[in-house]
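Nothing in this text is a laboratory measurement; each read-out follows from the coordinates by a stated rule. Just so we're clear, the structure is a prediction, and the values are computed from it rather than from any experiment. Here the Cβ positions follow ideal geometry from the backbone for every residue, glycine too, while neighbour counts run over all protein chains shown.
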Amino acid sequence: MYPIQVHPRALRLVKPGGAPPLDIPPPRQSEISEIVRVAHSPTQVVCALRDHSLVYYELEAGNIVHKVVCALRVHSLVYYELEAGNIAHKESPETGGVELSAVALSPPTGPKNKSKFMAVTCSENTWVVRIISLEAGPSYLQTVARQALGETRPDSLLFASAQPAVLFAGLANGVLVRVGMDTTTGSLLPDVRVGMDTTTGLLLPDVRTRVLGKRSVRLLPVQANGAEGVLALSSRAWLSHPASAAQGARQLLTPLS
């Protein structure tokens with residue numbers, strides 16, 4: 001993977017051997033199209049823009065091989081596939097969408113080392129996290145799962161590379177939200193303790209919350225005891241990490257101060 005520098009006006013792919021870097025501007029140059037959030041895997045980059053749109057890139061050997069501009073709506077996602085700066089496929093002529101606050105890519109898998117899903121938090125009267133498929137086929141760019149997070153804005157999203165994957169959301173009021181995700185289907189793991197939703201007849205997702213402090217929670221990936229963990233920063237610092245084999249397959253949350 002090539003190093004990526006991010007600033008509000010562009011992404012910059014830094015190439016080795018003294019080759020000139022590749023600057024990738026947003027599809028529209030204006031103040032409201034500035035980049036405000038970014039997530040990446042070794043071969044993918046997703047940017048949330050100030051104009052409430054998403055830009056998704058697939059990279060190969062340091063070059064863009066696929067680019068999509070998306071706008072999330074309350075019940076749908078519209079997108080534009082671009083080739084050489086021109087629209088090659090248009091799902092909808094409309095532009096604009098709901099407000100976005102954070103993005104994340106699921107742990108990359110397979111021989112191509114690609115993420116199969118993207119998580120996005122957006123405002124739909126209440127704040128919601130959507131799981132969106134990035135796999136080619138009928139489910140491409142379709143919302144495969146969603147979970148309400150409440151009235152408080154999420155400022156940070158991060159996946160932990162566990163089996164199953166764990167999605168963390170850091171809220172502006174100092175609350176950390178955790179929910180498990182099936183890495184094959186993108187569905188959120190059910191909570192067998194609370195029973196079924198009487199409306200849908202489905203098991204409710206296993207959503208865990210924890211108050212970490214009084215400040216907005218910022219999430220960072222770290223290595224903890226040879227495994228991938230999550231550093232959660234609020235008015236106190238916390239470390240989420242996999243439990244030992246003797247403790248079972250679960251995530252532990254430990255205060256660092």
Checklist line | Amide H within-cut-off set for residue 34, under 5 Å, with H built and near neighbours excluded | finding: 50, 51
Checklist line | Label-point separation in nm, residue 151 to residue 19, each point 7 Å along Cα→Cβ | finding: 5.2
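Give me the number: length gained by fully extending residue 6 to residue 220, i.e. 0.36 nm times residue separation minus the C-alpha to C-alpha distance, one decimal in nm.
Working: separation 214, 0.36 × 214 = 77.04 nm, distance 1.64 nm.
Once the chain is fully extended between residue 6 and residue 220, it gains 75.4 nm.
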Notebook entry, point to check: Near the amide H of residue 224, under 5 Å away, which other amide H atoms are found, from residues 5 or more places off or on another chain, if H is placed in the peptide plane?
Noted result: 229
Next item on the list: Only residues of the stretch 143-169 count here: report those whose backbone N is under 18 Å from the spot 7 Å along Cα→Cβ of residue 210, or say none.
Entry: 155-169
